[in-house]
Amino acid sequence: MKIQKYFLRTKIGTLKITADEKFIYSINFSTPSSNPKNTLKTIKECVKQLKEYFNRKRREFNLPLKLEGTEFQKKVWKELMKIPYGKVVSYSYIAEKINSPNSVRAVGNANNRNKFAIIIPCHRVIAKNGTLSGYAAGITKKKWLIDFESSNK
């Protein structure tokens, strides 16, 4: 399968989308680069949905994500996708929802291994005391995403 990379400039920075004809493999913050002339359908759909998100026309995503990780990580990521747009929850909340209340640190680690920025909304998970903690792209981007979503409820 041909794997393609596409760089989407957004209000918060450039997102690098990696995909083949069937799946999206990752969406990460990156530095801008040139894009292929013939873009795959999966990437076109991903770009369309992300643009709708940043234009406040989309709150949920429907993309063919290739989730690669441990069963525990997949459980966490699936639970993250249930967090409503504009809401935040704690790491301990996620641990409880997946029936693993003593795994708060492991939930944080699973968030850190999330390969799908924005689509799997790990930015919506905060510390139990309400502070922003841990985000692979940095706290500034996490705060921006939370503020962006909460200002459009």
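The values are calculated or read from the model by the stated rules, or taken from the named source; none is laboratory data. Only a predicted model underlies this, so the values are computations on that prediction, with no experimental measurement involved. Please note: Cβ atoms are built from the backbone with ideal geometry, for glycine as well, and neighbour counts cover all protein chains shown.
Things worth noting here:
- Screening segment 3-30 for residues that are among the hydrophobic types (A, V, I, L, M, F, W, C) and not in a strand (DSSP E or B) and picking the one that is modelled with the highest pLDDT gives F23.
- Yes/no for L63 being under 18 Å from L15 (Cβ atoms), within 14 Å of the chain's Cα centre (by Cα), in a loop (DSSP other than H, G, I, E, B) and not polar (S, T, N, Q): yes
- Contact map, segment 112-136: first residue outside the structural domain of K82 (by TED's automatic domain parsing), second residue surrounded by fewer than 16 Cβ atoms within 10 Å (Cβ to Cβ), Cβ cut-off under 7 Å, separation 6 or more or different chains; the map is empty.
- Residue among K75, K44 that is out of contact with any helix residue (DSSP H, G or I) (no Cβ under 9 Å at 6 or more places or on another chain) and part of a helix (DSSP H, G or I): K44
- If you check N102, N62, N38 for being at pLDDT below 95 and closer than 24 Å to K5 by Cα, only one passes: N38.
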